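For reference, the structure discussed in these notes is given below.
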Amino acid sequence: MRSGSLISGLIFSGAFALIGCSSSDGGDGSGVGNASAFEGIYQVTAASENTSGCTPGTSTLSQLRDQFFVITGSELFGQKYVVLNSCSSVSDCQAKRAAQLANQGYQIEYTYTLSNSTNSTTLNGFVATTGTSQGTQCVGRTYADHLLTVAADHSVHLESRTKKLADQPQDDGFCVVEPAKSKQEAAGKECSSLAVLDGSFVQAN
């Protein structure tokens, strides 16, 4: 998984998550109108990743340290969105949710942000990365689309498809990302990897 993905040991704060939503997970401005349909604490029932294509990959469930996740609705500048954060237990999920809402630091293994509602059972989001500096170039740039669906039994299914973007020159010595341009660039490219996550509903937040 990517960023939306496996981010082992990363410390987030609520403020950081908000910045990430607006700068590299911007969506189309419509926002999430039905966050309550997705919110809650879930136990992971399946996880897989294919790093060489977009067909279902090998199970990664046994490799996950965090076997639960919490889905929380948030808002920034009037834009409503949903964050999925990993956690190790029900109590840890409750603590992560509280930290996110209070803009306090918290540690996660994986996270995804969904910024738009497709319909009453489907959310979408994306993340575009800057890549890393190599000489005067920014290499390893990526763009990932996230799709989260909720079933009648309140279980959820997430798919994250990543595309590799071409290297680009640095901007005044820095690697920067413009999500709208990354989205346009990714439109003509094939998916390079697929991460899948399933969870069964445990309880409300």
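The values are calculated or read from the model by the stated rules, or taken from the named source; none is laboratory data. All figures in this text were calculated on a predicted structure; none of them were measured in a lab. Positions of Cβ are generated from backbone atoms using ideal geometry, with glycine treated the same way; all protein chains shown enter the neighbour counts.
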In the set 155, 133, 120, the lone residue that is in contact with a helix residue (DSSP H, G or I) (Cβ under 8 Å, 6 or more places away or on another chain), over 21 Å from residue 187 (Cα atoms), touching a residue at least 24 places away in the same chain (Cβ under 8 Å) and of a type outside the set (A, V, I, L, M, F, W, C) is 120
In the stretch 48-78, the residues that are out of contact with any Lys or Arg (no Cβ under 6 Å at 6 or more places or on another chain), closer than 25 Å to residue 98 by Cβ and assigned to a strand (DSSP E or B):
68, 69, 71, 73, 74, 75, 76
With the checklist (1) closer than 16 Å to residue 82 by Cα; (2) at pLDDT below 90; (3) touching a Gly at 6+ places or on another chain (Cβ under 8 Å) in hand, flag the one item residue 112 doesn't pass.
(2)
Tell me which residues, restricted to the stretch 176-192, are in contact with a Leu (Cβ under 9 Å, 6 or more places away or on another chain) and assigned to a loop (DSSP other than H, G, I, E, B).
189
Failed item, numbered, when residue 182 is tested on (1) surrounded by 16 or more Cβ atoms within 10 Å (Cβ to Cβ); (2) out of contact with any His (no Cβ under 8 Å at 6 or more places or on another chain); (3) of a type in the set (S, T, N, Q); (4) under 30 Å from residue 41 (Cα atoms)
(4)
Here are 68, 77: which of them is surrounded by 20 or more Cβ atoms within 10 Å (Cβ to Cβ) and in contact (Cβ under 8 Å) with a residue 12 or more places away in the chain?
68
